[in-house]
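Only one structure is covered here, and it is reproduced in the block below.
The values are calculated or read from the model by the stated rules, or taken from the named source; none is laboratory data. Since we're looking at a predicted model, the values are computed, not measured. Cβ sites come from the backbone with ideal geometry, for glycine too, and all protein chains shown count toward neighbours.
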Amino acid sequence: MNNNVPAGLREQLEQLKAELMQRVEKIKADIARGLDADSKEQAGQLENKDVLDALANEATQEIAEINASLRRLEAGQYGVCAKCGSDIDARRLQALPHATECINCAA
Ligand SMILES: [Zn+2]
């Protein structure tokens with residue numbers, strides 16, 4: 001157990017997750033639109049699609065981390081490093097509320 005869970009953290013994580021999910025939806029819509037484009041624009045569109053895919057993957061990964069953090073919050077393990085079990089620095093959690101590893105393990 002640890003005492004470094006900031007007030008309103010769950011709301012913060014839920015909000016962040018909602019924003020990311022919206023972003024993923026928008027990116028997916030952009031990709032779908034790109035696939036319908038004229039063939040003469042196809043090359044540029046495909047390049048663009050790679051960028052969008054990367055952005056969507058990044059956001060999806062972040063959503064997974066937030067879900068993991070919410071689970072750890074439920075389990076009373078929030079702020080404890082998933083790898084080495086030591087407390088994650090409060091400043092790190094402030095900057096990255098969904099961090100599940102301490103700075104040493106994440107490095
Ligand atoms: Zn660690």
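Six or more apart or on different chains, Cβ atoms under 9 Å: show the pairs whose first residue is in region 88-107 and of a type in the set (Lys, Arg) and whose second is part of a loop (DSSP other than H, G, I, E, B).
Arg92/Ala99; Arg92/Cys102
Of all residues in region 63-107, count the ones that are surrounded by fewer than 13 Cβ atoms within 10 Å (Cβ to Cβ), basic (Lys, Arg) and within 13 Å of the ligand (Cβ to nearest atom).
Looking only at that region, the number is 1.
Do you know which residues across region 10-50 are modelled with pLDDT under 90 and surrounded by 12 or more Cβ atoms within 10 Å (Cβ to Cβ)?
Correct list: Asp30, Ile31, Gly34, Ala37, Gln42, Gln45, Leu46, Asn48, Lys49.
Kindly evaluate Asn2 against the criterion of being closer than 30 Å to Ala95 by Cβ and modelled with pLDDT under 90.
yes
Working only within region 82-102, note down all residues that are within 17 Å of the chain's Cα centre (by Cα) and either of a type in the set (A, V, I, L, M, F, W, C) or at positive phi (or both).
Matches in region 82-102: Ala82, Leu93, Ala95, Leu96, Ala99, Cys102.
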